[in-house]
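Chemist: Dropping a structure here in structure tokens format, bear with me for questions.
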Amino acid sequence: MDVAALLTSVSPLVVYALVAAVIGLESMGIPLPGEVILVSAALLAARQELDISPVWIAVAASTGAIVGDNLGYLAGRRWGDRMFGVLGRRFPRHAGPDHLAYAEHIFTRYGVWAVFFGRFVALLRIFAGPVAGALRMPYLRFLAANALGGLVWACGTTAAIYLLGIRAEIWLKESAWVGLVLAVGLAIALSTVFRNRLERAVERYADEREAGSHEPDGPDDQKPVGRLTGDAARRPRP
């Protein structure tokens, strides 16, 4: 198969739409590989013959991130428990009760900072909008952190991967598609490593919550957070 000819047949508009749609749906709470899609699209932009603009890749990713997070915020604020229940049943490995409890813990502890930095973490990227909405985080603060985080993540990732792809073109000449495959493989491997570390953090927090639930009642600030999971309630810090 002629990989170069296959990639050349891809319409740039289709690539932009796919990037925006996948990242937007991921930001609404559906566990999709938004980061892998962004990395792959940025690498495609490095192939000059494809006529795919890295600027429009960044615009599509930013738009998907910001719009998706805002829709997720509104959905979480409106439907909260029902929304998380559906996500937990449909995607138990990514949006189960333990994942939700850990996300709530992070957002309750760090407030809008969790919205900004959560854009760079797979689990928090999925839950940022819905959890912030369910916890009634002030909308304007959420919007500012969400927009800034989405822009930095989308534009920064696109620029870094695009430049890497350009270097791959120079280093590998006619075999540049090999660099594309290797770079995507590396992105997937790194994503898997971070996912595994995050899963261990979720498990540790679940164990702490379980242990805390068997301890005698103490001051409220010593109880595990769990407004969205039926435990002690606490509002997020600004």
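The values are calculated or read from the model by the stated rules, or taken from the named source; none is laboratory data. Note that this is a predicted model, so its numbers are computed, not measured. Cβ placement follows ideal geometry from the backbone for every residue including glycine, while neighbour counts extend to all protein chains displayed.
Chemist: For segment 125-139, enumerate the residues that are surrounded by fewer than 22 Cβ atoms within 10 Å (Cβ to Cβ) and either part of a helix (DSSP H, G or I) or modelled with pLDDT under 85 (or both).
Modeler: Tyr139
Chemist: Quick check on segment 28-82: of everything there that is outside any helix (DSSP H, G or I) and of a type in the set (Gly, Ala, Ser), which residue is nearest to Leu163 (Cα to Cα)? Walk me through how you get there before you give the answer.
Modeler: First, pick out the residues of segment 28-82 that are outside any helix (DSSP H, G or I): 28-33, 46-47, 51-53.
With of a type in the set (Gly, Ala, Ser) added as a condition, the list becomes 29, 46, 53.
Values: Gly29: 30, Ala46: 7, Ser53: 13 Å.
Looking at residues that are outside any helix (DSSP H, G or I) and of a type in the set (Gly, Ala, Ser), I get Ala46.
Chemist: Now a separate question. Looking at Ala58, Ala103 in this structure, which one is more than 18 Å from Gly29 (Cβ to Cβ) and buried (at least 21 other Cβ atoms within 10 Å of the Cβ)? Lay out the reasoning, then the answer.
Modeler: Details: Ala103 fails: more than 18 Å from Gly29 (Cβ to Cβ).
None of the others qualify; the one that does is Ala58.
Chemist: Now for a different question. Of the conditions (1) hydrophobic (A, V, I, L, M, F, W, C); (2) at pLDDT below 85; (3) more than 23 Å from Ala58 (Cβ to Cβ), Ile170 fails just one. Which one is it?
Modeler: Evaluating Ile170 over (1) hydrophobic (A, V, I, L, M, F, W, C); (2) at pLDDT below 85; (3) more than 23 Å from Ala58 (Cβ to Cβ) leaves (3) as the failure.
Chemist: Tell me whether segment 33-44 contains one or more residues that are touching a residue at least 24 places away in the same chain (Cβ under 8 Å), surrounded by fewer than 18 Cβ atoms within 10 Å (Cβ to Cβ), farther than 15 Å from Gly133 by Cα and among the aliphatic types (A, V, I, L, M).
Modeler: For segment 33-44, residues touching a residue at least 24 places away in the same chain (Cβ under 8 Å), surrounded by fewer than 18 Cβ atoms within 10 Å (Cβ to Cβ), farther than 15 Å from Gly133 by Cα and among the aliphatic types (A, V, I, L, M): present.
Chemist: Is there any pair linking a residue in segment 134-160 that is over 23 Å from Gly76 (Cα atoms) and touching a residue at least 60 places away in the same chain (Cβ under 8 Å) to one that is part of a helix (DSSP H, G or I) and of a type in the set (S, T, N, Q), with Cβ under 6 Å and at least six apart or on different chains, and which?
Modeler: Cβ pairs passing all conditions: Ala154/Ser62.
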